[in-house]
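One structure below.
The values are calculated or read from the model by the stated rules, or taken from the named source; none is laboratory data. Everything quoted here is computed from the prediction, not taken from an experiment. Cβ placement follows ideal geometry from the backbone for every residue including glycine, while neighbour counts extend to all protein chains displayed. Keep in mind that these areas ignore ligands, DNA and RNA; they rest on the heavy atoms of the full protein, side chains included. Shrake-Rupley method; radii C 1.70, N 1.55, O 1.52, S 1.80 Å.
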Amino acid sequence: MNSDFQTQATIQIQNILLALSRSDSSIPRVNVDGIYGPETSAAVKAFQRQHGLPITGEVNYATWLVLLKAKEDNNAVSLPSKPAFPFSFVLEGNNLSPGDSSTAVFILQVMLETAGIEYLSLSSVPLSGIYDEETECAVREFQKRNLLPETGIADTRTLSALADSFNKYAPDSQ
């Protein structure tokens, strides 16, 4: 198999597993790095165990089909599993969108920068408090990596996933 294709397939598998792990603590978190190592294998085994599949740690066709179904089911969930604490009192049901300028946008940008630890391909953003094009692109990439609708708008689900990622690397912030 072509190594570029293998890497892209692994990234896709890791993205699905990471998104599923956010709402299911029995699936271990994985880093989306394109390397199918012990961490990814352990997450696949946990997924296979949970879904009654042969526990091999490898993604065969049957496992792939169940992963895709789980991804689809996960995308159908309308509410995040964890509130986005820094934003809940600031936004009061609104979204952060391109053109916005506020402290909440600055917090969003800080959290996007921290998420870059987990997602190496996430673009760096200026810490300006202005929801500019770079911020929108980084939000879209984060949404893509978390199997969220790629709108470029930081809605409640996006902010919750971002807060979850941020808290993973900044545990003292909780």
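Reported to the nearest whole Å, the Cα centre-to-centre distance from the range 103-174 to the range 44-71 is 29.
Using the beta-carbon distance between Ile55 and Thr151 and R0 = 30 Å, what value does 1/(1 + (r/R0)^6) give for FRET efficiency, to the nearest 0.05? List each step's numbers first, then the result.
On the way: r = 37 Å, r/R0 = 1.22.
Calculated transfer efficiency: 0.25.
What the phi angles of the range 23-29 give under the Karplus curve with 6.51, -1.76 and 1.60, with θ = phi - 60°, is a coupling list of 10, 9, 5, 6, 9, x, 5 Hz, glycine and proline written as x. Our coupling estimate for the range 30-37, obtained by passing each phi through the Karplus curve with A = 6.51, B = -1.76, C = 1.60 and θ = phi - 60°, is 10, 8, 8, 10, x, 9, 8, x Hz, Gly and Pro reported as x. Solvent-accessible area assigned to carbon and sulfur over the range 1-62 amounts to 53 percent, based on a 1.4 Å probe. Working ranking of peptides 6-14, 157-165 by packing, defined as the average number of other Cβ atoms within 10 Å per residue, highest first, is 157-165, 6-14.
Counting only heavy atoms of the protein chains and using a 1.4 Å probe, Phe166 has close to 40 Å² of accessible surface. Were the residues from Ser102 through Ser128 laid out at 0.36 nm apart, the gain over their Cα-Cα distance would be 8.5 nm.
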